[in-house]
Amino acid sequence: MERLRFGLLQAAHDDPNTTRNFRRELDADLVEFDVNNGNLPPTTEFDALVVTGSRASVYWDKDWIGPLVDYVGRAAADGVPILGICYGHQVVAEALGGRVSGMDDFELGYNEIEQVDDDPLFAGMGEAFTVFTSHGDSVIELPPGAELIARNEYGVHGFRRDHCWGVQFHPEYDIETAREIAESKRERLGDEQVDRVLSEISSEQYDAACEAKQLFENFAAYARKQAAEGDELEATA
């Protein structure tokens, strides 16, 4: 089988960390689209799509957000496997009929997530696992027919419907990205909280969080299986 071809819907406002992190973690040829500048794929013909994080909120009145949500909804209807990360998780939820809202709090730093269901996206991972988090919005209503697959005290951290997954946390982050993201929150969260988070960013915490990177391998394996089944159907048609 040929190498997988993924569409990377890059919503991170020209952040080079995002491209570096996803290209390191995804075992596929990535075709990148700068979606916050209105650059969407002309087709949904990919082996899978990945929607990245962003400084934006999915409910903002920005001219690029509605078309992005609509595109993700069309791709889901076409049966394309989709993985949304943080903001991407919220985009997938909205595209499938869920609801996102701002939080009273902000979750930042390494935190523990609990699996709710034995979902294949988390195969090989513990029932509880460490991840880096950074979000002030959350999915408050799952899409119709979706299953909750991960959570913590801040709420929904993962869901699945059909071929689509969303995870609120950041399995792609390396230590450099975690530190930069924490520093960028000083104006919003204040020095005390940011300094505490920075003090907890260590090689030991990062090593623990690397367990969650398994979900990228699991997602690629799922996309590979779906692509192979599609090839078999075409061969027998």
query = For segment 118-124, what does the Karplus curve 6.51 cos²θ - 1.76 cosθ + 1.60, with θ = phi - 60°, yield as ³J(HN,Hα) per residue in whole Hz, taken in order and with x for Gly and Pro?
reply = 7, 8, x, 4, 9, 4, x
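Could you compute the net charge surrounding Ser199? Neighbours are other residues with a C-beta less than 15 Å from the C-beta of Ser199; K and R count +1, D and E count -1. Mind showing how you got there, number by number?
Details: positive: Arg179, Lys185, Arg186, Arg196; negative: Glu183, Asp191, Glu192, Asp195, Glu200, Glu204.
With Lys, Arg at +1 and Asp, Glu at -1, the net is -2.
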task = Compute the separation of the alpha-carbon centres of segment 69-125 and segment 137-201 and state it in Å as a whole number.
result = 10 Å
ask   = Which cross-chain or sequence-distant (5 or more) residues have an amide H under 5 Å from the amide H of Gly84, H modelled 1.01 Å from N in plane?
value = Val51, Trp165, Gly166, Val167
ask   = From the phi of every residue in segment 128-142, what ³J(HN,Hα) in whole Hz does the Karplus formula 6.51 cos²θ - 1.76 cosθ + 1.60 yield, where θ is phi - 60° and glycine or proline is x?
value = 10, 8, 8, 9, 9, 10, 7, 7, x, 10, 8, 7, 9, 9, 5
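Per Stokes-Einstein, at 4 °C and 1.567 mPa s, what whole-number D in µm² s⁻¹ belongs to segment 129-217, with the Kirkwood radius over Cα pairs as the hydrodynamic radius?
On the way: Rh = 14.4 Å.
Rounded, D is 90 µm²/s.
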query = Given H placed on each backbone N at 1.01 Å, which residues far from Gly158 in sequence or on other chains put an amide H within less than 5 Å of it?
reply = Ile149, Ala150, Gln168
task = Return the FRET efficiency for the residue pair Asp63, Ser184: r is the Cβ-Cβ distance, R0 is 25 Å, and the value is rounded to the nearest 0.05.
result = 0.55
remark   = Amide H neighbours of Glu32 at under 5 Å, excluding residues fewer than 5 places away on the same chain, with H built from the backbone geometry, are Leu8
note = Residue-ordered couplings for segment 204-221, obtained by feeding phi - 60° into the Karplus form 6.51 cos²θ - 1.76 cosθ + 1.60 and rounding to whole Hz (Gly and Pro as x), are 5, 5, 4, 4, 5, 6, 5, 4, 5, 5, 4, 5, 5, 4, 5, 5, 5, 5
query = Reported to two decimal places, what Rg/Rh ratio describes segment 62-110 when computed on Cα atoms with Rh from the Kirkwood expression?
reply = 1.04
request  = Work out which chymotrypsin sites (Phe, Trp or Tyr not before Pro) in the chain are exposed loop sites (DSSP not H, G, I, E or B, at most 15 other Cβ within 10 Å) and give the longest gap free of them.
outcome  = 61-237
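Please sort by residue number the GluC sites (Glu not before Pro) in segment 5-94 whose DSSP state is loop and whose Cβ has at most 15 other Cβ atoms within 10 Å. Can you show the working numbers first?
Numbers: sites: Glu25, Glu32, Glu45, Glu94; in loops: Glu45.
Of the GluC sites (Glu not before Pro), the ones in loops of segment 5-94 whose Cβ has at most 15 other Cβ atoms within 10 Å are Glu45.
Calculate, in whole percent, how much of the Cα-Cα pair population of the chain lies beyond 25 Å. Write out the running numbers ahead of the final one.
Values: 10411 of 27966 pairs.
Everything past 25 Å amounts to 37 percent.
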remark   = Computed from every Cα-Cα pair in segment 1-141, P(r) in 10 Å bins starting at 0 and rounded to whole percents is 11, 40, 39, 11, 0
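Only sites in a loop by DSSP and with at most 11 other Cβ atoms within 10 Å count here; which GluC sites (Glu not before Pro) in segment 137-237 make the cut? Provide the component values of the computation, followed by the final result.
On the way: sites: Glu141, Glu147, Glu153, Glu172, Glu176, Glu180, Glu183, Glu187, Glu192, Glu200, Glu204, Glu211, Glu217, Glu229, Glu232, Glu234; in loops: Glu153, Glu172, Glu200.
Taking segment 137-237 and a limit of 11 other Cβ atoms within 10 Å, the loop GluC sites (Glu not before Pro) found are Glu153.
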request  = Work from the charge dipole of segment 71-160 (Cβ charges, +1 for Lys and Arg, -1 for Asp and Glu, about the Cα centre) and give the residue of Gly124, Ser138, Leu83 farthest towards its positive end.
outcome  = Leu83
message = At 1.4 Å probe size, with the rest of the protein present, what percent of the exposed accessible area of segment 1-82 is carbon and sulfur atoms?
response = 44 percent
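The values are calculated or read from the model by the stated rules, or taken from the named source; none is laboratory data. Predicted model, so just to flag it, every value in this text is computed and none were measured. Cβ: placed from backbone, ideal geometry, glycine included. Neighbour counts: every protein chain shown. In case anyone asks, the SASA skips ligands and DNA or RNA and just uses the protein heavy atoms, side chains included. Shrake-Rupley method; radii C 1.70, N 1.55, O 1.52, S 1.80 Å.
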